[in-house]
Amino acid sequence: MTRTTSEIAASLASVEPIYDRVVALAGLLQALAQVRRIADTGESNEDILATCIGSLFRFDARTTADVYGGLEHVRPGLLLLRDYLSGAQRDEALPRLAMPVLQLERRFVRDTAMTDRVRRGLEMLAGRFEVDGATHPDVIAPIGQLYSQTLSTLKPRVLVQGNPHYLGQPRVVAEVRAVLLAAVRSAVLWRQRGGSLWDFAFQRRAMAAAIDAHLG
């Protein structure tokens, strides 16, 4: 019986957790790249947006890859992470955006009242997500509002730069905030799988090998 890519990813992760951590980190970078795209152009990649938003509603996924609907849905993030580790990607905007998100994640998980509020808010939206789909404005807007009422009140605030014309539009602002929440979700997942900033100092080769194994 042929195994799916997600099942293969789960098998690898059971042997060495770094395989799980790079998937979550790829989800984080993929979300932040989408934030930048929306802020700069006012438009999103619908497939990647759907992956980001969908990850918020998979509360009890069996594997890390399943959080994203399967390993194939974080392939853009894996490619992006591989390029950063190899030095092929020299755009420093994403690492500068990732750092406050990782700091925000630390403060968020320590605030149990806030994490419970976010979980309850997403659970209340789950029915609408199932009916309307991940990219529907009636799903995106309340997620953006949930982020605004919770995580955006914590320090450090994640400051997103982009085209002022687009960042003045409520739809764009809602999408940015919703995808930032997805980025924090991935950061939480990365920490839960044992990720830390020390990985970038001492595990770069192992991370690169794990990414290559996932990409095939």
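Overall, the chain carries a charge dipole of about 740 debye about its Cα centre when +1 sits on the Cβ of Lys and Arg and -1 on the Cβ of Asp and Glu, all other atoms neutral.
Site pair residue 58 and residue 111 shows an inter-label distance of 2.7 nm when each label is modelled 7 Å from Cα along Cα→Cβ. Taking the Cα centre of the stretch 114-159 as reference, the dipole from Cβ charges on Lys and Arg (+1) and Asp and Glu (-1) amounts to some 340 debye. Normalised by 2.2 N^0.38 Å, where N counts its residues, the alpha-carbon radius of gyration of the stretch 90-204 equals 1.13. Three principal axis extents describe the C-alpha atoms of the chain; from largest down they are 43, 39, 32 Å. Just the number: Rg to Rh for the stretch 120-161, Cα atoms, Kirkwood Rh, two decimals. That ratio equals 1.06. Rounded to the nearest 20 debye, the dipole magnitude of the stretch 115-212 is 400 debye, with +1 charges on Lys and Arg beta carbons, -1 on Asp and Glu beta carbons, and the Cα centre as origin.
Sorted from longest to shortest, the spans of the Cα atoms of the stretch 102-146 along the three principal axes equal 33, 18, 14 Å. Entry comment: accessible area of the chain is 50 Å² per residue, from protein heavy atoms only and a probe of 1.4 Å. When peptides 91-97, 206-212 are sorted by average Cβ neighbour count within 10 Å, with the highest value leading, the order is 206-212, 91-97.
Shape class of the stretch 46-153 from the Cα gyration tensor (axes a ≥ b ≥ c, square roots of the eigenvalues): oblate, since a/c reaches 1.5 or more and a/b does not exceed b/c. Could you estimate the translational diffusion coefficient of the stretch 51-95 from the Stokes-Einstein equation, with Rh from the Kirkwood formula over C-alpha pairs, at 4 °C and 1.567 mPa s, in whole µm²/s? It diffuses with D of about 110 µm²/s by this estimate. Atom-type composition of the exposed protein surface of the stretch 88-195 places 49 percent of the accessible area on carbon and sulfur (1.4 angstrom probe).
The values are calculated or read from the model by the stated rules, or taken from the named source; none is laboratory data. This structure is a prediction, so every number in the text was calculated from the model and none was measured. All Cβ positions, even for glycine, are placed from backbone atoms using ideal geometry, and neighbour counts span all protein chains on display. Only protein heavy atoms, including side chains, enter the accessible area calculation; ligands, DNA and RNA are left aside. Shrake-Rupley method; radii C 1.70, N 1.55, O 1.52, S 1.80 Å.
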